[in-house]
Amino acid sequence: MRYCRRLFWPEGLEKKKETIIRRLNENRLQWDLFVVTLPEGEKNQLEIYNTVQFLQPAYPTEDYLVVGIARGYDAAVELVEAIVEEVYRKTGGADVRSFILEKEQEE
């Protein structure tokens with residue numbers, strides 16, 4: 001798994017950022033943790049995954065670019081909404097994928 005330089009986090013979760021990322025990298029179980037990623041294909045904008053999926057031995061986690069992390073599915077949906085709102089505010093459009101990839105190249 002790769003992580004955006006600027007990860008999106010809901011309030012209150014950012015202070016646990018280092019612990020959460022370390023546990024993700026160590027493949028430790030975190031039942032209620034969800035990641036928001038850019039999809040492999042260019043058709044979709046964002047995808048939400050429960051991190052339990054990544055514990056499967058043959059699951060290809062290295063292909064995912066994580067743009068946000070949330071605790072609980074509802075929080076992940078709200079995080080996607082916040083990401084889209086920010087992109088719209090800054091660009092006037094809803095091309096989340098291009099916005100995130102451009103920001104990654106800038107930094």
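Report every pair of residues separated by at least 6 positions or lying on different chains whose Cβ atoms are under 7 Å apart, first residue within the stretch 69-91 and farther than 20 Å from residue 31 by Cβ, second part of a helix (DSSP H, G or I).
Note: pairs meeting the criteria are 83/96; 84/96; 87/96; 87/99; 91/99.
If the requirement is being more than 15 Å from residue 3 (Cα to Cα), open to solvent by 30 Å² or more (accessible area, probe 1.4 Å) and not basic (Lys, Arg), which of these qualifies: 44, 25?
Among 44, 25, only 44 is more than 15 Å from residue 3 (Cα to Cα), open to solvent by 30 Å² or more (accessible area, probe 1.4 Å) and not basic (Lys, Arg).
With the structure loaded, tell me whether residue 22 is over 26 Å from residue 86 (Cβ atoms), among the basic types (Lys, Arg) and in a loop (DSSP other than H, G, I, E, B) or whether it fails that test.
For residue 22, the condition - over 26 Å from residue 86 (Cβ atoms), among the basic types (Lys, Arg) and in a loop (DSSP other than H, G, I, E, B) - is not met.
Output the qualifying pairs, or none if there are none: Cβ atoms under 8 angstrom, residues six or more apart or on different chains, first residue in the stretch 4-21 and within 11 Å of residue 70 (Cα to Cα), second residue open to solvent by 30 Å² or more (accessible area, probe 1.4 Å) and among the charged types (D, E, K, R).
Close Cβ pairs (under 8 Å, with a partner that is open to solvent by 30 Å² or more (accessible area, probe 1.4 Å) and among the charged types (D, E, K, R)) amount to 7/17; 9/17; 10/71; 10/78; 13/71.
Quick check on my filter: what residues within the stretch 73-107 are within 17 Å of residue 7 (Cβ to Cβ) and not in a helix (DSSP H, G or I)?
Residue satisfying the conditions is 107 alone.
Regarding residue 9, is this residue of a type in the set (Phe, Trp, Tyr) and surrounded by fewer than 17 Cβ atoms within 10 Å (Cβ to Cβ)?
Values: of a type in the set (Phe, Trp, Tyr): yes; surrounded by fewer than 17 Cβ atoms within 10 Å (Cβ to Cβ): no.
No; evaluated as a whole, the condition is false for this residue.
Answer yes if at least one residue in the stretch 51-60 is within 18 Å of residue 10 (Cα to Cα) and either in a helix (DSSP H, G or I) or without any contact (Cβ under 8 Å) to a residue 12 or more places away in the chain (or both), and no otherwise.
So in the stretch 51-60, the residues within 18 Å of residue 10 (Cα to Cα) come out as 51.
Checking the rest, the ones that are also either in a helix (DSSP H, G or I) or without any contact (Cβ under 8 Å) to a residue 12 or more places away in the chain (or both) come to 51.
Yes, there is a match, as at least one residue in the stretch 51-60 is within 18 Å of residue 10 (Cα to Cα) and either in a helix (DSSP H, G or I) or without any contact (Cβ under 8 Å) to a residue 12 or more places away in the chain (or both).
Inspect all residues belonging to the stretch 28-39 and state whether any of them is of a type in the set (D, E, K, R), free of Cβ contacts under 8 Å to residues at least 60 places away in the same chain, open to solvent by 50 Å² or more (accessible area, probe 1.4 Å) and assigned to a loop (DSSP other than H, G, I, E, B).
Yes, the stretch 28-39 contains at least one residue that is of a type in the set (D, E, K, R), free of Cβ contacts under 8 Å to residues at least 60 places away in the same chain, open to solvent by 50 Å² or more (accessible area, probe 1.4 Å) and assigned to a loop (DSSP other than H, G, I, E, B).
The values are calculated or read from the model by the stated rules, or taken from the named source; none is laboratory data. Fair warning: this is a prediction, and the values are worked out from it, not measured in the lab. Reconstructed Cβ throughout: ideal geometry from the backbone, glycine too, with neighbour counts over all protein chains shown. Ligands, DNA and RNA are excluded from the accessible area calculation, which covers all protein heavy atoms including side chains. Shrake-Rupley method; radii C 1.70, N 1.55, O 1.52, S 1.80 Å.
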